[in-house]
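Here is the structure we will look at, set down as structure tokens.
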Amino acid sequence: MNPKYLKTMILLLFILCTASVACAEPSSKNSKCVAVLDYTEGGHNDTDFNANFMSEWWYQNGDMRLVAKDGEKKELAFFVVMAHQESPELIDPDSGNQLSYLSTFYGLYPYGETATHNFTRTLVPRSSIENYIEFHVPYLNFIYPDGLKRFHGSGSKGYMLNYSFDDMQLNLFFKPRVEKTVDSAIEPVNFTTYEHAYGKLGGSVVLDGKEYRVTQTDGYFDHMIPYTPDQTTWEMEMHGWSWSEVTTDRYQTIFYGVRSIDDGYENYTYKHLTLINKHTGKVIAEYSGDEVSVDEEEWEYITVKGRTVERPSKLEISTPDLDISINAQSVVQLDETSLPNGQPVGFVDFMAFQPDNATIKYGENHEKGSAFYEYMVTDPGISTSQSNP
């Protein structure tokens, strides 16, 4: 090989390496330089995956202790989602122009009070989508069209959430404290989720015009991308999923289970469970497939738009050396029958929170803590308003 050419290639390689590596904020004396230019952070298009329907959302939750200037204290859990969907099927029937679908929703769980939520959605011209989301960048920057909701930052530096709706404002900074983990599958639906699972929140919350400072917190963040190459929304390719996050003093667990159409309510084609040590930030163990047993109990029957769907309020997940128990009763219900342009979707999503007594038993250690538990049912019948079965 030409020595001059070899020298040039080595120099280019060095430049690329140093451009993609920097020192993250140190968490200990032994902290090392880690890659921070993570291009999974930013927005994506359907064309990135050769998809016909692609969704993408960023999810943040938190379990917070709040204190006001007058000394009043509150305990509040929450989750927030900001999302978009891209598809060549999203066409403005009047102009024939390509559209992008944007949505955002949240749930608030004040301890000892009724949970509340909101779901907001809109369509914008595809030609203007980059006014709201930055694509193919190593950070997140998503501004909802009303200008009152913004999510920005990165796993290495932290995420800032500014979110206002009616008399509620969240101005929060989340700093991950664990390794990035990933869930992904091809069947029954193609998806990838990037998780900066455990971390701490700081900032302020305004409720009914009164400001509170955030004190003790636990938080979780992820970035999920499901898609399908077919001319149907990805929701219609599966029966639904179960997701949960349990946090105790020492541990955190993350479970993803996805049901195919044939699985119905009974089985899961995809199961993956991750156990994390909060204090070291390291993954202790991962389990998948037949290693994971799922027992769902205390089923509730809910009629939505003329169809009956089911939700288990109690969940037990077990492996040979790990047992998790969730009994989440504080629930918000989110449902949708179509996109704003009439494209069928058909899903019902139950997001529940349990403030205490969720359990993680690992080996000889048995701990109690809090849990977020999502159970989603995607039923094509919902979108066509069929009668109860």
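Selection of the stretch 266-289 for residues being surrounded by 15 or more Cβ atoms within 10 Å (Cβ to Cβ), at negative phi and not in a strand (DSSP E or B) yields 268, 269, 278.
Scan the stretch 282-323 for residues that are among the β-branched types (Val, Ile, Thr) and at pLDDT 95 or above and report the count.
So the count comes out to 6.
Scanning the stretch 171-185 for residues that are farther than 18 Å from residue 201 by Cβ, assigned to a strand (DSSP E or B) and open to solvent by 50 Å² or more (accessible area, probe 1.4 Å) yields 182, 184.
The set of residues in the stretch 86-114 being open to solvent by 20 Å² or more (accessible area, probe 1.4 Å) and within 23 Å of residue 60 (Cα to Cα) consists of 105, 110, 111, 112, 113, 114. Using the structure shown, decide if residue 245 is among the acidic types (Asp, Glu), surrounded by 22 or more Cβ atoms within 10 Å (Cβ to Cβ), at pLDDT 95 or above and outside the structural domain of residue 77 (by the TED database). Yes, satisfied. You will find that of 240, 219, 257, the residue that is farther than 25 Å from residue 74 by Cβ, touching a residue at least 60 places away in the same chain (Cβ under 8 Å) and of a type outside the set (Val, Ile, Thr) is 240 and no other. In the stretch 172-184, the residues that are closer than 7 Å to residue 196 by Cα reach residues that are outside any strand (DSSP E or B) and open to solvent by 20 Å² or more (accessible area, probe 1.4 Å) with C-beta atoms within less than 8 angstrom, at least six apart or across chains, in these pairs: 178/278; 180/38.
For the stretch 123-144, give me each residue that is closer than 10 Å to residue 102 by Cα, open to solvent by 40 Å² or more (accessible area, probe 1.4 Å) and not hydrophobic (A, V, I, L, M, F, W, C). Selection gives 132 alone. Taken over the stretch 159-180, the criterion of being under 17 Å from residue 81 (Cβ atoms) and touching a His at 6+ places or on another chain (Cβ under 6 Å) is satisfied by 160 alone. Considering only the stretch 70-77, I want to know if a residue exists there that is surrounded by 15 or more Cβ atoms within 10 Å (Cβ to Cβ) and out of contact with any Leu (no Cβ under 9 Å at 6 or more places or on another chain). Scanning the stretch 70-77 turns up no residue that is surrounded by 15 or more Cβ atoms within 10 Å (Cβ to Cβ) and out of contact with any Leu (no Cβ under 9 Å at 6 or more places or on another chain).
Out of 207, 275, one residue alone is in the same structural domain as residue 47 (by the TED database), out of contact with any Gly (no Cβ under 9 Å at 6 or more places or on another chain) and under 23 Å from residue 61 (Cα atoms). It is 207.
Going through (1) charged (D, E, K, R); (2) open to solvent by less than 40 Å² (accessible area, probe 1.4 Å); (3) within 18 Å of the chain's Cα centre (by Cα) one by one, residue 46 falls short only on (3).
The values are calculated or read from the model by the stated rules, or taken from the named source; none is laboratory data. Just so you know, these numbers come straight off a predicted model, no measurement behind them. Because the Cβ atoms are built from the backbone with ideal geometry, glycine has one as well, and the counts that use them run over all protein chains shown. The area values use the complete protein model at the heavy-atom level, side chains included, leaving out ligands, DNA and RNA. Shrake-Rupley method; radii C 1.70, N 1.55, O 1.52, S 1.80 Å.
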